[in-house]
Amino acid sequence: MNYYSRSELGKRPNNEDSIGIKEYGNTFCMILADGLGGCEDSEIASSMAVNKMLSVLDANSSVVESFDEKKLEEIFSAAFQTINNEIAIRAAKDKSDMSTTLSVVLVNQKKVFIVHIGDCRTYLLHGSKLELLTKDHTYAADLIRSGELDESSLMQDSRRNVLTKYLGENCYITPDFYRYNIMYGDLLLLCTDGLYVHIDENDLKETLRRHANLEQCATDLVSLVYDNGASDNVSLILAHNKPVK
């Protein structure tokens with residue numbers, strides 16, 4: 001697995017995104033959390049989420065390496081709830097409203113396992129086809145799924161920023177789980193909304209198709225979104241699925 005990650009401050013006073021990457025045998029793990037903009041201490045929430053998730057992966061490294069999907073779902077269900085509770089408790093103690101999204105992507109050769117809450121996105125580039133693998137937990141996305149809002153209107157609708165599920169809520173939460181089969185040569189992109197909101201899907205696809213150099217690909221993506229007027233933090237992880245030698 002070849003990979004590259006990048007996180008840019010943009011015009012924000014602080015970076016509320018956090019990235020985690022680790023390998024366990026043939027299993028490659030990438031983690032991305034985006035603290036909710038406008039919420040106090042959200043950079044602390046995103047950092048807490050990623051660091052706690054890395055600890056969970058370390059504590060269950062044998063399961064992660066074996067890629068036992070049933071056990072993985074049990075581990076991540078408990079972990080997401082624990083992280084949610086810890087952030088909520090910290091927020092109450094500090095009298096803040098810290099909260100964050102969290103997405104975890106595990107890749108083991110030709111299998112992908114995703115755990116997701118919030119509006120970070122995971123994309124798959126297979127040949128010339130770009131596929132979105134996750135669903136946004138936003139009010140606007142819910143309206144699209146119900147047919148009340150057109151997909152083409154999403155990026156212009158202020159409700160796209162209103163999250164319906166995130167970590168830091170004082171409630172029981174359940175993440176989404178996704179399982180996919182991929183091929184060697186496929187490219188995965190895990191990114192925050194700071195990236196995809198300011199890039200046309202065709203431009204995103206064409207930039208990803210020029211992915212022989214992942215660092216250059218990331219640079220091109222970041223430059224493009226900031227040229228398009230982005231001001232938010234922009235974070236991404238690129239992973240090119242190559243055979244294990």
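Summing charges over all other residues whose Cβ lies under 13 Å from the Cβ of Val63, with Lys and Arg as +1 and Asp and Glu as -1, gives -4.
Rolling a 1.4 Å probe over the protein chains gives Met183 an accessible area of about 90 Å². Per atom type, the chain shows carbon and sulfur on 44% of its accessible surface, probed at 1.4 Å. Largest GNM mean-square fluctuation across Arg209, Arg121, Arg145, computed for the chain with C-alpha springs under 10 Å, falls on Arg145.
For the chain, the Kirkwood estimate of hydrodynamic radius, built from reciprocal distances between every pair of different alpha carbons, is 18.1 Å.
Averaged per residue, the chain has 45 square angstrom of accessible surface, using a 1.4 angstrom probe with ligands and nucleic acids left out.
What order do you get for 64-70, 171-177 when each peptide is scored by the mean count of other beta carbon atoms within 10 Å, highest first?
By packing density, highest mean first, the sequence is 64-70, 171-177.
The values are calculated or read from the model by the stated rules, or taken from the named source; none is laboratory data. Computed from a predicted model, the values in this text were never measured in an experiment. Glycine gets a Cβ as well: all are built from the backbone with ideal geometry, and neighbour counts include every protein chain shown. These area figures cover heavy atoms from the full protein model, side chains too; ligands, DNA and RNA do not enter into them. Shrake-Rupley method; radii C 1.70, N 1.55, O 1.52, S 1.80 Å.
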